[in-house]
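The values are calculated or read from the model by the stated rules, or taken from the named source; none is laboratory data. Quick caveat, the model's predicted, so the values are computed rather than measured. Using ideal geometry, Cβ is built from the backbone for each residue, glycine included, and neighbour counts are taken over all protein chains shown.
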Amino acid sequence: MDDEILDVVDGHDQVIGTVNRKDYNQFLQDDSGFIRAAELFIINSQGQLWVPVRTAHKTIAPNGYDYSAAGHIESGEDYLETIVRETREEINLDIKPNDIEFVAKLKSLSIKYIRCIYLLRTDKTPEYNPDDFASAEWLTPAELISKIDGGHPAKRNLRDTIIALEAYLAS
């Protein structure tokens, strides 16, 4: 994982170079572009999100809430290829691009990411990969935000992304 080669893109999401994932902290200091990620929420017919909790050994947000599936865009990949791959690897679901909905493309200036957010509508509870997640639960977006606001660890942009998801669902 630390040897992943990621495309570096400009503010318009055009590839301008590459960076090794292990060099992310230096990349962030250099302010030389953005890296990309794809993130997926699973939502059931009751309006609940399937929210996994990351394992304790994760460097970023250990024991924290995460997207249903997510991953960095490896060099040469696109957003859809990545989310299909990550969904299979992290939660053992084989999906196709037409199974999911595009929610939003967000630029996170503080962490230098361009992220595409997707939604999968299903009542099926995934079987998560125990190397990635320690547990999971179904929560409404409001319940998840309340738990994050109450101090439960989570990925840094998760709360803001849930708000973008709520806007998408309301439209």
Taking only pairs six or more apart or across chains, which ones have beta-carbon atoms under 7 Å, a first residue in region 102-117 that is touching a residue at least 40 places away in the same chain (Cβ under 8 Å) and among the hydroxyl-bearing types (Ser, Thr, Tyr), and a second residue that is crowded, with 16+ Cβ neighbours inside 10 Å and not in a strand (DSSP E or B)?
-> 108/157
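Test of understanding: among 60, 35, 42, 83, which residue is hydrophobic (A, V, I, L, M, F, W, C), within 30 Å of residue 146 (Cα to Cα) and at pLDDT below 95?
On the way: 35 fails: at pLDDT below 95; 42 fails: at pLDDT below 95; 83 fails: at pLDDT below 95.
On inspection, the qualifying residue turns out to be 60.
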Among strands (runs of 3 or more DSSP E) completely within region 3-51, the ones holding 1 or more residues that are free of Cβ contacts under 8 Å to residues at least 60 places away in the same chain are 5-9, 15-20
Restricting attention to region 1-58, the residues that are crowded, with 19+ Cβ neighbours inside 10 Å and within 22 Å of residue 162 (Cα to Cα) number exactly 16
Please find, within region 112-136, the residue that is surrounded by the most Cβ atoms within 10 Å (Cβ to Cβ) out of those that are of a type in the set (Ser, Thr, Tyr) and closer than 21 Å to residue 72 by Cβ.
-> 118
Scanning region 42-66 for residues that are closer than 16 Å to residue 132 by Cα and either acidic (Asp, Glu) or touching a helix residue (DSSP H, G or I) at 6+ places or on another chain (Cβ under 7 Å) (or both) gives 51, 65, 66
Looking at region 148-155, is at least one residue of a type in the set (A, V, I, L, M), over 24 Å from residue 78 (Cα atoms) and either modelled with pLDDT of 95 or more or crowded, with 17+ Cβ neighbours inside 10 Å (or both)?
-> yes
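Search region 156-166 for residues being of a type in the set (Val, Ile, Thr) and touching a helix residue (DSSP H, G or I) at 6+ places or on another chain (Cβ under 9 Å), and hand back the single one that is surrounded by the fewest Cβ atoms within 10 Å (Cβ to Cβ). Show your work before the answer.
At the first step, the residues of region 156-166 found to be of a type in the set (Val, Ile, Thr) are 161-163.
Going one step further and asking which of them are touching a helix residue (DSSP H, G or I) at 6+ places or on another chain (Cβ under 9 Å), we end up with 162-163.
Working: 162: 24, 163: 11.
Selected residue: 163.
Please work out which residue is surrounded by the most Cβ atoms within 10 Å (Cβ to Cβ), limiting yourself to region 86-111 and to residues that are in a loop (DSSP other than H, G, I, E, B) and modelled with pLDDT under 95. Even if it seems obvious, please write down each step before you answer.
Here is the first cut: in region 86-111, the ones in a loop (DSSP other than H, G, I, E, B) are 92-96, 109-111.
Subsequent filtering for residues that are modelled with pLDDT under 95 retains 109-111.
Working: 109: 8, 110: 8, 111: 14.
In this case the residue turns out to be 111.
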Log entry, pairs with first residue in region 61-74 being farther than 20 Å from residue 100 by Cα, second being among the β-branched types (Val, Ile, Thr) and crowded, with 24+ Cβ neighbours inside 10 Å, beta carbons closer than 6 Å, six or more apart or on different chains, reads 65/51
Here the residues within region 1-32 that are out of contact with any His (no Cβ under 7 Å at 6 or more places or on another chain) and hydrophobic (A, V, I, L, M, F, W, C) are 1, 5, 8, 9, 15, 16, 19, 27, 28
Would you mind telling me which numbered condition in (1) outside any loop (DSSP other than H, G, I, E, B); (2) closer than 22 Å to residue 139 by Cα residue 127 fails?
-> (1)
